[in-house]
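Just so it is clear, none of the values below were taken in a lab; they were calculated from the coordinates. Computed from a prediction, not measured in an experiment: that's the story for all the values here. Using ideal geometry, Cβ is built from the backbone for each residue, glycine included, and neighbour counts are taken over all protein chains shown.
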Amino acid sequence: MGSFVYQARQWFRLATHIQILPAMEGGEELLVGGQAVIEGVMMRAPHSYCVAVRRPDGSVAQEQFPIQRPSEKRRIFKYPVFRGLGTLGQAMALGIKALRFSANVAVEESSPKPAAKPGGLSSLAIALNVALSIGFFLFLYKFVPLYLVTRTRDHLPLLNHYFWFNVMDGLIRIAIFLTFLLVISRMKDIRRVFQYHGAEHKVVFNYESGQPVAVEQARRFSTLHPRCGTSFLLVVMVISMGVYALLPFETFLGRLISRVALVPLIAGLSYEVIRFAARRQGTLWAGMVAPGLWLQKITTRPPSDDQLEISIHALQGAMALEQQQGGRPVIA
């Protein structure tokens, strides 16, 4: 029974982390960016990746390897919308890989029978967890809002209009997202991830400032970063309202299938909107990132010095590998 409870807890823990993974990862082709994982941080540069995880004994487990930008692998990812899909797809793939590494370190350290789990989490376990997480995402953010609005329309004739139907659908989706974040933010494991998320932001800010990257320096920067994936998710939800309003479907099933099918297109369009706004640093950009910065007050927490050290360790690993491949010099 104890083993079953332990396995169930680990499964739930990993599933929850996968659900919030998009909010942890900006998914942009930048000089440097990162993501919080279980007791650690993943940092990536244009052609390198490093994830560092703190073990309970204080030592650091690390994994690093070179990467290519999607646009360097396939020409199609150079074009609008497709470049967003390539970049976001790579970000999610690297995020899951980093999450798996951190989860394996956690399993090895906390398992009551470590000898019984020599390989950590299997590829099948990760694949099943990802599949279930995607299913849960589609149910929670596609089926539930559509179902609630469809039922409410019977009592509120205003919702028979395409525009108001999709506005209400979008508002319910955002409300579910906020409620989900608030609920999981009360979990001890997730609060720790949000602290590492804050550490990642502080260290990225420190790096971008051009100052030597160190705990004392990073401590002074904000935990709220404008390129966080939290901001991207809010843009996705707003863009989806406009796209869904153009769909000609009247039946519940038609609307549901079209919403699921258009997820890649909406993601690609949202990437282009953020990319356009980022290149025009003014009122448009400020207006887009402001709600995301507010929401980051939930998804980030002030980190400890130990957590900042882990984030710096991951950045140093990524930049050292970047230098070996002819990239920018290693950080100070």
>> Given R₀ = 56 Å, what would the calculated FRET efficiency be for ASP154 paired with ASP305, taking r from the Cβ atoms and rounding to 0.05?
In response: 0.50
> Taking 0.36 nm per intervening residue step and subtracting the Cα-Cα distance, what contour gain separates GLU208 from LEU124 on full extension?
Replying inline: 26.4 nm
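Hey, can you rank 303-315, 237-249, 154-166, 81-93 by average C-beta count inside 10 Å, highest first?
303-315, 81-93, 237-249, 154-166
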>> Under 16 Å from a point placed 7 Å out from the Cα of HIS161 along the Cα-to-Cβ direction: which residues of segment 234-254 have their backbone N that close?
In response: 242, 245-246
> How many nm separate the modelled label positions at LEU265 and TYR147, each set 7 Å beyond the Cα in the direction of the Cβ?
Replying inline: 2.5
